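The values are calculated or read from the model by the stated rules, or taken from the named source; none is laboratory data. Only a predicted model underlies this, so the values are computations on that prediction, with no experimental measurement involved. Because the Cβ atoms are built from the backbone with ideal geometry, glycine has one as well, and the counts that use them run over all protein chains shown.
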Amino acid sequence: MTYSVFIDGAAGTTGLEIADRLAARQEFELVRLHDDQRKDLNARRDAINNSDFVILCLPDDAAKEAVSLLESDHTRIIDASSAHRTAPDWIYGFAEFHEGQRERIAGARLVSNPGCYPTGFLGLIAPLVARGLLPADWPYAVNAVSGYSGGGKALIERFEQEREIGFRGYGFNLEHKHMPEMKRHAGLDHDVVFAPAVVSAYRGMIVEVPLNLAAMKIAAKAADLLETLQDHYQGSSIVGVHDGSGIGELLLNDNDPATDRLELYVFANENGDLVRLAAKLDNLGKGAAGSTVQDLNIMAGLDETLGLRL
């Protein structure tokens, strides 16, 4: 069976990558609009309601507008924006982070794809909170750096023009749009203190969560966190869990290849009570286009790894 797929916002960074991945797939037929129709409301409405799947690669307000155009009872939507990531009627499109999530995605009509930074944070924290290894009422902090492709065309242009800038911190008003997503889907009581930055590498991302387990007054040590994460992701061909012992550096290189994997690390002191949890992923892969394709595969009843770069 061939499914029709309309990418609304196909000219953006994520949309272009998704379209490129699906172009050679026999299971999907891309519905394309001419350039002069991309912002035509009636043309978009027709494409949305005549397609089996719609992938939204749009700014948040435009994504909400696109959903308002939905009239058919068969069209299923994957939203790659942050517009619906905490909406109650939408299923969160992170198949691995909770038990049963893959099955929820498979049966969903509306799926909201995770953000790139939250993918790293939730991949580390959500299973540990759900299993009682970490407290839900702790004030977690997240330090993260991303390749500049995650900022879209405008930031790509700025970095390529301003070659002398290697590190660009931002989000200093502590109101980043990813913060509600991280709090909700990790099941936390408090907002996360989120410290994001962009570096001069084109793609790639490292998300780090420092923990003082002794201050939490819990019995868990680093080895317990590692064992729990390994158990949670056992058998996954997409998520890997690593003991950080002996690993001195995590690097983002300008020439890192595209990947849809998510690599999780547990670093600790000798006593096991000071811990740095870290996630490494491709902001355009598992952080965007790769997870979208994975969700599409699941919703279509296909092998979820088809078309992924593993």
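Please work out if Arg203 is in a loop (DSSP other than H, G, I, E, B), buried (at least 19 other Cβ atoms within 10 Å of the Cβ) and either modelled with pLDDT of 95 or more or not aliphatic (A, V, I, L, M) (or both). In short, yes.
For the stretch 36-53, indicate whether the set of residues that are under 29 Å from Leu281 (Cα atoms), out of contact with any Pro (no Cβ under 8 Å at 6 or more places or on another chain) and either at pLDDT 95 or above or of a type in the set (Phe, Trp, Tyr) (or both) is non-empty. Within the stretch 36-53, one or more residues are under 29 Å from Leu281 (Cα atoms), out of contact with any Pro (no Cβ under 8 Å at 6 or more places or on another chain) and either at pLDDT 95 or above or of a type in the set (Phe, Trp, Tyr) (or both).
Within the stretch 112-119, is even one residue in a strand (DSSP E or B) and either touching a residue at least 24 places away in the same chain (Cβ under 8 Å) or farther than 26 Å from Met299 by Cβ (or both)? Within the stretch 112-119 (the criterion being in a strand (DSSP E or B) and either touching a residue at least 24 places away in the same chain (Cβ under 8 Å) or farther than 26 Å from Met299 by Cβ (or both)), the answer is yes, since at least one residue qualifies. Filtering the stretch 251-272 to residues that are surrounded by 13 or more Cβ atoms within 10 Å (Cβ to Cβ), at pLDDT 95 or above and not polar (S, T, N, Q) leaves Asp260, Arg261, Leu262, Glu263, Leu264, Tyr265, Val266, Phe267, Ala268, Gly272. Checked against (1) touching a residue at least 24 places away in the same chain (Cβ under 8 Å); (2) under 23 Å from Asp8 (Cα atoms); (3) in contact with a strand residue (DSSP E or B) (Cβ under 7 Å, 6 or more places away or on another chain), Asp89 passes all but a single condition, namely (1). Could you name every one of the strands (runs of 3 or more DSSP E) located completely within the stretch 1-72 that has at least 1 residues being of a type in the set (Ser, Thr, Tyr) and within 26 Å of the chain's Cα centre (by Cα)? Per the criteria, 3-8.
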